[in-house]
Amino acid sequence: MKKLQYKWIALSVVTLGSLMVAIDSTIVILALPAMLQDLHSDLVRMTWVITSYLLISTVLLLSFGRMADMFGRVRLYNLGFLVFTIGSVLCGLAPNDLFLIAARVLQGAGGAMLNANAMAIITEVFPPGERGTAMGFNSITWGAGSVLGPVLGGLILSLASWRWIFLVNLPVGLIAMLAAYFLLHEIAPRQRREPFDILGALLFCIGLVGLLFGLLEGISVGWRSPLIVALLLIGLIALLAFLWRERHYASPMLNLQLFSNRVYAFSVLAAMLQSLAVFAVNFLVIFYLQGVRGYSPLVAALLILPLPLFISLVGPLGGRWADRIGGAIPATIGLAIQALALVLLGLLTPTTPYWQLALILALMGIGGSFFWSPNTSTAMSAAPRSHLSVASATLNTLRNVGMIFSFAVALDVAAVSMPPALVASVFLGTVGHLAPAIAQAFTAAMDHAFLASALICVLAIACSLVRADKGPQLTGLTSAPLQPTASERQE
């Protein structure tokens, strides 16, 4: 009975942390114009307010996942609340744009600590037959955060300074910290004798930062720029060196044996491709509603709510379905629904009725609900219990890589048929209602980006189909199957 109660307590605390991160990821975009004006900044630096958070969170996920397996998942999760809250307060007090970007880096580090361990904690406390349901409930949080972020952000911006979108995290963060400290406890033994792979972590950071900087800046600087070519080469060489070291190092940060498991490997790849395909959808649709249809940023954010609302409503159903028949079928169906929605988005025109857009966004939400928790549950059930944090961090890392690249791919495809300066302005929400000719050109460019995303989603479907998913009883490393413990069987 005590174990039964603790798993729901742990899920509640993890869900609170996920809610903080989810709201923060959606609330900032609305405040960009106000930040730009108040801090006397420019568009390039304001872009890094978003990308710096996601970049540092992506770079540190694997490192924190490895550290959690060594020093304790709950301990690092609690520290994540503290770092995230401190970063939020510093963002709210930022005197200039560089300070704000630095504070967002700190906030991203706290978010990485939370994200690296959230799914590992859920996987650890729930038996295999209930993990999909638990992750389905946790996915509601992300949908709720996507709903609350624009609404809360609009209310704050209409009543107070943009600084309060960060300062509101202080009371929530304090409550979450106290809850985690008093309610969570370690279950798995820590691997204290294994050294931390500092060189591996450094190579991974250099490789990922080099590639991401090169891909993001190449859109505006030009792909033939010597700086961009150098960044891409450095990133590629560093990542190859990282993989070589992890293959030969006795205590690697990333255990490559995880990818010898067919289910885990293709589940992670499907998650990365799905993020690459769909993460830019919110940005594209919001700026379509602003630039082409002429809605204000707040109204545009409210009109996109069918997507997160259906993620919240359908999320638990996808998890329960996965618990009954395994994750591959629900995840593949979810990807197919999202691919269809992307094709339909690629048919938008400047005069498309909103009800049609709302139905398409609802389809996107339903597809995401059927994919996320079943795919995550399948991946985590395939991971060995002693490496849950690294497995979770690896999954989140590649998903975040897909998110960052999704934004870059969307900009690059759209820029083919639009002037780059206009594309940058529209995507940052600083351009009002476009002239009819420009609106038509932007819509055509946006449609191309949606169709490119649909093709990427088809690749994700292929990855989801080829994995040999036979239900939740899957093996991680060949010698360490993730089976129910004795206490789990008693439940």
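What order do Leu11, Leu159 take when sorted by accessible area (1.4 Å probe), most exposed first? Intermediate values should be presented prior to the final figure.
Working: Leu11 10, Leu159 150 Å².
Highest to lowest solvent-accessible surface, that is Leu159, Leu11.
Net length available on complete extension from Ile325 to Ser225 is 30.9 nm, with 0.36 nm assigned per residue and the Cα-Cα distance removed. Remark: the stretch 342-391 carries 27 Å² of accessible area per residue (probe radius 1.4 Å; ligands, DNA and RNA excluded).
On the beta carbon distance between Ser12 and Ala444, with R0 = 41 Å, the FRET formula returns roughly 0.30. In terms of accessible area, using a 1.4 Å probe and ignoring ligands and nucleic acids, Met446, Met403 rank largest first as Met403, Met446.
For Phe137, the solvent-accessible surface with a 1.4 Å probe is about 80 Å², rounded to the nearest 10.
Using a 10 Å cut-off on Cβ atoms, rank the peptides 167-177, 76-86, 349-359 from the highest mean neighbour count down.
Peptide ranking by packing, descending: 76-86, 167-177, 349-359.
For His185 and Leu313, the FRET efficiency from 1/(1 + (r/R0)^6), where r spans their Cβ atoms and R0 equals 35 Å, is about 0.60.
The solvent-accessible area of Trp321, taken with every protein chain present and a 1.4 Å probe, is close to 80 Å². Computed with a 1.4 Å probe on the full set of protein chains, the accessible area for Cys463 sits at about 10 Å². In terms of Cα atoms, the Rg and Dmax of the stretch 342-421 work out to 17.7, 55 Å. When Tyr264, Tyr6 are compared by accessible area at a 1.4 angstrom probe, the order from most to least is Tyr6, Tyr264. Length gained on full extension, Leu455 to Leu347, computed as 0.36 nm times the residue gap minus the Cα-Cα distance: 37.4 nm.
May I ask you to compute the full-extension gain from His248 to Asn96, defined as 0.36 nm times their residue separation minus their alpha-carbon distance, rounded to one decimal in nm? If you can, show how the numbers build up before the last one.
Working: separation 152, 0.36 × 152 = 54.72 nm, distance 4.49 nm.
Roughly 50.2 nm would be gained on extension.
The values are calculated or read from the model by the stated rules, or taken from the named source; none is laboratory data. Computed from a predicted model, the values in this text were never measured in an experiment. As a convention, Cβ positions derive from the backbone with ideal geometry for all residues, glycine included, and neighbour counts pool all protein chains shown. Accessible surface areas use protein heavy atoms only, side chains included; no ligands, DNA or RNA. Shrake-Rupley method; radii C 1.70, N 1.55, O 1.52, S 1.80 Å.
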